[in-house]
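The values are calculated or read from the model by the stated rules, or taken from the named source; none is laboratory data. Just so you know, these numbers come straight off a predicted model, no measurement behind them. Cβ placement follows ideal geometry from the backbone for every residue including glycine, while neighbour counts extend to all protein chains displayed.
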Amino acid sequence: MTTATTTATVLEASGVTMRFGGLTAVRSVDLTVNTGEIVGLIGPNGAGKTTFFNCLTGLYVPTEGKVSYKGTVLPPKPHLVTKAGIARTFQNIRLFANMTVLENVLVGRHTRTKEGLWSALLRGPGFRKAEATSRERAMELLEFIGLAHKADHLSRNLPYGEQRKLEIARALASEPGLLLLDEPTAGMNPQETRATEELVFAIRDKGIAVLVIEHDMRFIFNLCDRVAVLVQGEKLIEGTSDVVQGDDRVIAAYLGEPFEGAPEDTALDAVEAAEAQAADADADADTDTAEAPAAEAQTADAHTAEGDTK
C-alpha cells in the first residue's frame, strides 16, 4: 500500500511546447510529479520556467503536447485546473490587497463550495452551513501557516514574507493534490527562506505533491527529491540534487557559456517580449476565468468582496 502511494503519478506533462508566433519558449518538455514528491524546476532567466507553469495551469494553451492530472487530461481553463486539483502561487504576489487575511483564504474555497448566487442571497440553512465550514477550514489553514492571529488584518498591511505565506494558504484552500510554487522565496531574507522550506516540507507531509520554481540553489537542492533543469526552453537534465549539481552543462548554462549539444539560440529577448505581449493580451481573460469567479464567491462568503476586489 505504501509503495503504490509513493509511486502514483499526480502530474504528467508530455511533449509540452509553447510557441509565440515564430518564437518557441518551451520545446517538447516532459515532466512527471509523483505523490509525496517535491520536484524542483530551475534554469537561467528566460529559460521558459514560468511559461511552462502557465501551460500546466491553463493560463496558456500549449501549442503541442498534453498535461494530465491523475491520468485525466486537463482542460485549458485556470478555474477548471484548480477544480481538478492543481493550485499555484505566482512569481509576483497576487493577493486581494483590500481584503482581510481571512477573506483572501476564503477566496480559495470557491471551487470547493456548491452554494450559488441564489443561495447566497436567500441565506438559507445550506448556505450558512457551507459558510461556517469554509471559515473553519480557512482558520485551520491560517493556523497552519502561523497567521491565525492576523485573520482580520488587511493583506496589504502584512510584511512581504507573510504575504507569500498567505498566498500559499489561499492556494491550499482549494484542497489541491498538487501545489505549484513560482519562486516562493524571492525577496526573502535567510530566516524567511528557512521558514518557507519548513512550510513546504509540512505541506508535503499532508500528502500534497509540490512542484517549485526557484533561483535560490541552496533552497532548491535542500528541498527537492528531484530537480529538472530548463535551458532555452528545453529540458537539459533531470535527477537528484547531487546529479544535477555535478553536471558541467548545468554550470555552463548558468554561467552563460556554450556547451556541446546546447539548444539553439532562440533569441531570448524576443521570446520574453512575446511572452509579455501574450500576457497583456490575455490579462482580461485571465482575470475573468481565474480571479473573477473567486471574487464572486467571496462576495457570498464574506459580504465584502464586491467593493474590496477593486
* Selection status of T82, at pLDDT below 85 and either buried (at least 16 other Cβ atoms within 10 Å of the Cβ) or at negative phi (or both) -> no
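Which strands (runs of 3 or more DSSP E) does region 173-238 wholly contain that include 1 or more residues that are within 30 Å of K83 (Cβ to Cβ) and not aliphatic (A, V, I, L, M)?
Result: 178-182, 226-231.
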* Give region 187-208 a look and list any residue that's in contact with a Lys or Arg (Cβ under 8 Å, 6 or more places away or on another chain) and closer than 22 Å to T57 by Cβ, or say none. => T196, L199
* In region 132-148, what count of residues is obtained for those that are farther than 13 Å from R170 by Cα and either among the charged types (D, E, K, R) or surrounded by 16 or more Cβ atoms within 10 Å (Cβ to Cβ) (or both)? -> 1
* Spans of helices (runs of 4 or more DSSP H) in region 9-109 with at least 1 residues over 20 Å from D225 (Cβ atoms) and of a type in the set (A, V, I, L, M) -> 78-84, 101-107
* Pick from A151, A186, A169: which is surrounded by fewer than 19 Cβ atoms within 10 Å (Cβ to Cβ) and under 18 Å from the mean Cα position of the chain (by Cα)? -> A186
